[in-house]
Amino acid sequence: MNKLPIHEIDGRLLYYTFIAGAKNIMANQSYLNKINVFPVNDGDTGSNMATTLQSVIESIHPHKSYKITADLIAETTMTNARGNSGIIFAQLLYGISKESGNRRSITIPQFAESIKNSIPYMYEAVANPVEGTILTVIKDWSEFIYNQRNSITDFNQLFIRSREVAVKSLSETKQKLFVLAKANVVDAGANAFVFFIEGIIDFIRENSIRKLLRSKTESIVLPDITDHKSEEVRFRYCTEGILKNLSVDQKSLSKILQQYGDSIVIGGNEKTKHIHVHTNNPAEMFQQLDDISLVTFHKADDMLRQSEAIFNRKSKIALVTDSTCDLPQKIIDMYQINLLPININFGENHYLDKITIQPGQFYSLLDKHSEFPKTSQINEKAFVNLYSQLSARYDSIIAIHLTEKFSGTCFNSQKAAKIVNAECNKPISVINSKNLSGALGLIVLRAAQAIESGHLHDEIVAMVEKWIRYTQIYVSVRTLKYMVRGGRVSPIKGFMAKIMNVNPIVSMDENGASFVFGKTYSQQSNMEKVMAYLYTTRNGREIWNYIVLHAQNEEAAAWYAIKMKEFAGKEPLAVVNISPVIGANAGIGTAAVALMFK
């Protein structure tokens, strides 16, 4: 920014000014994470604000028009906003873009008017606005800007002099919120906004666009709450979603969200809403949202598992798997297993396997929805984030995933492990289970018990490789209709199988590829064939444990449970609805048994 007086700002100057503020927030994100105690002490305000702003740095280019640049910044931040403060700040930017008029450049009085008119956009986005937060500091700052609109004629001086007001308002957040006074910190979101203003002032004083663009953009720093005290996690999942084609107004939407949790923020415009909610029932909440909108994005961070890793971890080795691992939630929680969800899409509707959609809901949609669901692997970035978090808390990490023949999830996990290992120097072993569903569940459970028993990292990895060879799964498919819909079986073969009433039995080979183990003329016959095969190939081996699985077929599962109890001499570890990612192709009515020999 030129040190000569600036009387108007065009699109290019707006862009560089914004980038200066954004980079200063990113440079201070570790500190913001450290002081984050409100609304929950999850230490992620700095990371969330950095993620929100990084999208502008990476994808927006300056335009001469103030209006066009303001619109681009607003749209990009709202789409990529994370956390309470991130969405609130994005909503301020949306308000500014809406209230600026169709101007190629803007004067101080016009700028001040747009800022003042943008404050209601922020407050209306929050279901229960709390003073002493980012809301208050931005409001106080905006009042100074508005009150000085006719007396200060230079944008440089306007921003420099506004800092004192913002800093004073920030210091007063301690007095307005007891939780801040108790922790002896200011509000992290409010502090982020002050860093934003100070970044702009540094840019004014440096007077160098070239230096600004060459300055290093800090990478995202993961949440850190080492210095915080443990507190009860009232709502387990920090969820976000992007809603389109909403059929209710914002007030009605807010009422719906308040039924499921707190920390509710609703950002966005008339066409698209970005919501943030802390909830224990993300699947129920998003199911209701599906009735009133198109949900194109979900995020759900497990705050309980994050808190346990810091304040109450049971071992020094972290265990990771993916959502195709079919274990009861109580077992996953008992052993503090970290589970990352695979993505599921019904048309444009997005879901997170077993978090924002449960198996029962999935199978209901499978028959009702005209489009067959598509699944996508967990991306490398999700694993990098998780492994970086866990490396800060654990001595090592063991990850066990579904067969690489079915998904690139294991490959992405391996790539992320190399990246994080190079940075943190903590052992991370990623294992291809060559299995899925209940078979993967048994392998993960046995690894969890070995961790609990105190075995060393390398010992467990070696044992897991052995247990993989001892594990089998047999899937009794009732109809090929779903395999035809999913493209795994041709329509002609599906038609012939239907005419002949052929029902396949699917298993996994030693390389983790699926193969047709057998075919019969009814599901009952192929379940009997599985049991006969187990008896003839047992060779005196003892069963360590087994799981019975089904896709909305409790009758078949009950039959398998009775027969397997006779075979194994023990009750099943669990009888569960099979993972949606697996059940989508096996289809409704499928029944399966997974077992591991000692």
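We did not get these values from a lab; they are worked out from the coordinates using the rules stated. Not measured: the values here are computed from a predicted model. Cβ atoms come from the backbone with ideal geometry, glycine included; neighbour counts cover every protein chain shown.
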Trypsin sites (Lys or Arg not before Pro) restricted to DSSP loop in the stretch 49-114 with at most 16 other C-beta within 10 Å: 64, 104
Quick check for me: using +1 on Lys/Arg Cβ and -1 on Asp/Glu Cβ, what's the dipole size of the stretch 45-155 about its Cα centre, in debye to the nearest 20? 280 debye
Would you kindly compute the Cα radius of gyration of the stretch 400-478 and its largest Cα-Cα separation (Dmax), both in Å? 13.8, 49
Quick shape summary for the chain, equivalent ellipsoid via Cα gyration tensor, semi-axes whole Å in descending order, reads 52, 26, 20
Once exposed loop GluC sites (Glu not before Pro) are cut out (DSSP; at most 10 other Cβ, 10 Å), longest piece of the chain: 271-509
Select from 242, 463, 320 the residue farthest towards the positive end of the dipole of the chain; place +1 on Cβ of Lys and Arg, -1 on Cβ of Asp and Glu, and compute about the Cα centre. 463
The relative contact order of the chain, taking Cα pairs under 8 Å that sit 6 or more residues apart, comes to a percentage of 11 percent
For the chain, with +1 on Lys and Arg beta carbons and -1 on Asp and Glu, the positive-most of 170, 96, 57 along the dipole: 57
Size-normalised alpha-carbon gyration radius of the stretch 230-312, reference 2.2 N^0.38 Å: 1.14
So if I place +1 on the C-beta of Lys and Arg and -1 on the C-beta of Asp and Glu, and nothing else carries charge, what would the dipole magnitude of the chain be about its Cα centre? I want it in debye, nearest 20. 1000 debye
Cα to Cα, under 17 Å, and not fewer than 8 places away if on the same chain: which lysines meet these conditions relative to residue 174? 34, 139, 182
Which ³J(HN,Hα) values, rounded to whole Hz and listed in residue order, are derived for the stretch 507-516 from phi using the Karplus coefficients 6.51, -1.76 and 1.60 in 6.51 cos²θ - 1.76 cosθ + 1.60 with θ = phi - 60°, glycine and proline given as x? 9, 10, 8, 5, 9, x, 9, 7, 8, 7
Taking Cα centroids, how far is the stretch 548-598 from the stretch 156-194 in Å? 57 Å
What residue among 421, 356, 46 has its Cα farthest toward the positive end of the dipole of the chain, where the charges are +1 on Lys, Arg and -1 on Asp, Glu, each on the Cβ? 421
Apply the a/c threshold of 1.5 to the C-alpha gyration tensor of the stretch 38-173 and tell me whether it is rounded, prolate or oblate. oblate
Less than 14 Å Cβ to Cβ from residue 548, Lys/Arg counted +1 and Asp/Glu -1: what total charge do the surrounding residues give? -2
Debye, to nearest 20: dipole size of the stretch 8-214, +1 on Lys, Arg Cβ, -1 on Asp, Glu Cβ: 380 debye
Considering only Cα-Cα distances, which of the following residue pairs are longer than 18 Å: 434/466; 271/381; 273/354? 271/381; 273/354
